[in-house]
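Inspection log for the structure reproduced underneath, given as C-alpha cells.
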Amino acid sequence: MIFSKAGFGGAVADFEAAVVAQDAKRSGKAFIRLQETFGRAKETELFAGGPRLAAVLEQVPPSPRSVVAVLVGACVERGADAERCAPGVLAGLRAALEGAVAFGEAWAATGGGAFPVPDDGEPGEDIVERTGFEAAVGWWTLSQWEMAAVALLNHRAVRAALDGEAVRAGLDDATVHGQAGSGRGELLRLLTAVAQASGQELRCLSYALQVLDDEPLVVLHRPTATGYLLRLSGIGDNFQLHTLLADALIGGGHVAGRAPSPQEVAVCRETPGQVETAGSFELVAPDGDRLWNEGTPADIPVVDGVRLLVLDEPSYARSWPAGRFFPGMRGDLILERALEPEETERWLARVSPAGELTG
C-alpha cells in the first residue's frame, strides 16, 4: 500500500524508512508526527500502519520503542491485525521484563530501597549509574509495554500462538494450559520476579497472560450433589466466571437460585458496559480453600488433568458490577453436559468435605 505523505500513513512510512536507515534526526521528527496524527488516522492507515510499526520495533531506540508499541496496540484496538503485530510487541515486552528483572537485581546490589516511580521522561543519570541504561529503561517503560501487550492479548489467536511456543518446546497440553510453557509461562515468570522485587503488580498483564481458552471445567454443585462439564474461553476474572456459571446452571434450570438477567450475561460475553449483579455461589477449591471472585479461572486447581471447582451456598450476600475485566476480550462459558450420578460421586470423593472455608 502506498501511504500519502500527510497524516498518520505518511508518518508511518517516514518513521519506518528512517528507522531502517538509522537516521536519528528523521526518525525523531517522524516519531512526533506519529503521535500527532494518530487521532485523525483513517481506518486503512491503521490497518496497514500497525503491522509496519510492529515490524521495525526491534530497531527503534529503547526509550521511544515502548511508545511506538502503545501506538501498535492502539492500531490493533481499532482493527489492525493482532497476529501480525504480536511478534514485535511481545518480543519487546519480554525484553522490557528482562530489563526490569535486571533493574531489581542491580537496585538491590547497590543499596536497595523503594523502587523509583517512572515518570514521562527518561530515567535520570543517578538511576542509570546504579542499574545500567537498558535495565533502567526496562523498568521505566514497563507500564507502556503492559498497555501494548494487553491490547494484543485480547485476541485469542495471539494467546494461542503463545501456547504454541510451549507446544513447539515439547510440552504437553496440560502443562501448556498450566501456564508453564516457554511462551506465556516465561512471561509470567519474569513478571512474578519483577513484582517480588518491586512490590508492584502489573495486574492487567498478569491476568491477560493467565486467560484460558477452550478449557474444560468440572463443576460440582455440592448442595444438590450434581456435577457438570463446562468449557470456558476468554474469561478475565472470577467475577465474570461467577455470573456465567449462574447463567449456565441456574438460568439453565439445573439448580435453584437467582439467575442473572440477559443483560448481566451479555456484558460478561461481548456487550459493552456493566450491569449490577449479585452472587449465587461460594467458589471453593477441592481442598476447601476459598476461590475469590477477584482471582482468575487459572486459580482453579487441576485434578486428574481437568480443573475442578466446587460450588457451595454463598456465605454472605455480595453484589458487584457484572462485566468483563478485559472489555476488548470476548468471554464464553458453555455447558457441555450434566455428569452422570456415578461420575459426580467419583469427583465428590476427590474434594474435602463441606465445612469452614479456608483461604
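The values are calculated or read from the model by the stated rules, or taken from the named source; none is laboratory data. All values reported here derive from a predicted model rather than from experimental measurement. Because the Cβ atoms are built from the backbone with ideal geometry, glycine has one as well, and the counts that use them run over all protein chains shown. These area figures cover heavy atoms from the full protein model, side chains too; ligands, DNA and RNA do not enter into them. Shrake-Rupley method; radii C 1.70, N 1.55, O 1.52, S 1.80 Å.
Some notes on this structure:
- Count of the stretch 319-359 residues which are in a loop (DSSP other than H, G, I, E, B), in contact with a helix residue (DSSP H, G or I) (Cβ under 9 Å, 6 or more places away or on another chain) and open to solvent by 60 Å² or more (accessible area, probe 1.4 Å): 2
- Test: residue in the stretch 214-222 that is assigned to a helix (DSSP H, G or I) and out of contact with any Gly (no Cβ under 6 Å at 6 or more places or on another chain): yes
- Ala30 vs. criteria in a helix (DSSP H, G or I), open to solvent by less than 10 Å² (accessible area, probe 1.4 Å) and without any contact (Cβ under 8 Å) to a residue 24 or more places away in the chain: yes
- Glu294 being touching a helix residue (DSSP H, G or I) at 6+ places or on another chain (Cβ under 9 Å), open to solvent by 20 Å² or more (accessible area, probe 1.4 Å), more than 22 Å from Cys204 (Cβ to Cβ) and modelled with pLDDT of 95 or more: no
- Residues in the stretch 229-240 that are under 23 Å from Leu339 (Cα atoms) and open to solvent by 10 Å² or more (accessible area, probe 1.4 Å): 3 in all.
- Within the stretch 104-139, the residues that satisfy the criterion of being assigned to a helix (DSSP H, G or I), closer than 25 Å to Leu57 by Cβ and either without any contact (Cβ under 8 Å) to a residue 40 or more places away in the chain or of a type in the set (S, T, N, Q) (or both) are Ala106, Ile127, Val128, Thr131, Ala135, Ala136.
- The residues in the stretch 72-85 that are surrounded by fewer than 24 Cβ atoms within 10 Å (Cβ to Cβ) and assigned to a helix (DSSP H, G or I) can be counted, and the count is 4.
- Residues in the stretch 297-315 that are assigned to a loop (DSSP other than H, G, I, E, B) and within 17 Å of His221 (Cα to Cα) were compared, and the one that is most open to solvent (accessible area, probe 1.4 Å) is Glu313.
- Subset of the stretch 194-212 that is of a type in the set (Gly, Ala, Ser) and touching a residue at least 24 places away in the same chain (Cβ under 8 Å) - its residue that is least open to solvent (accessible area, probe 1.4 Å): Ala208
- A single entry from Ala54, Ala17 fulfils the requirement of being of a type in the set (A, V, I, L, M, F, W, C) and in contact (Cβ under 8 Å) with a residue 24 or more places away in the chain: Ala54.
- Whichever residue in the stretch 248-264 is free of Cβ contacts under 8 Å to residues at least 40 places away in the same chain and not in a loop (DSSP other than H, G, I, E, B) and, among such residues, is surrounded by the fewest Cβ atoms within 10 Å (Cβ to Cβ): Pro262
- Test result for Ala285, more than 20 Å from Ala338 (Cβ to Cβ), surrounded by 15 or more Cβ atoms within 10 Å (Cβ to Cβ) and without any contact (Cβ under 8 Å) to a residue 12 or more places away in the chain: no
- Residue in the stretch 38-71 that is modelled with the highest pLDDT, counting only those that are open to solvent by less than 40 Å² (accessible area, probe 1.4 Å) and hydroxyl-bearing (Ser, Thr, Tyr): Ser66
- Scanning the stretch 15-26 for residues that are assigned to a helix (DSSP H, G or I) and under 14 Å from Leu57 (Cα atoms) yields a count of 6.
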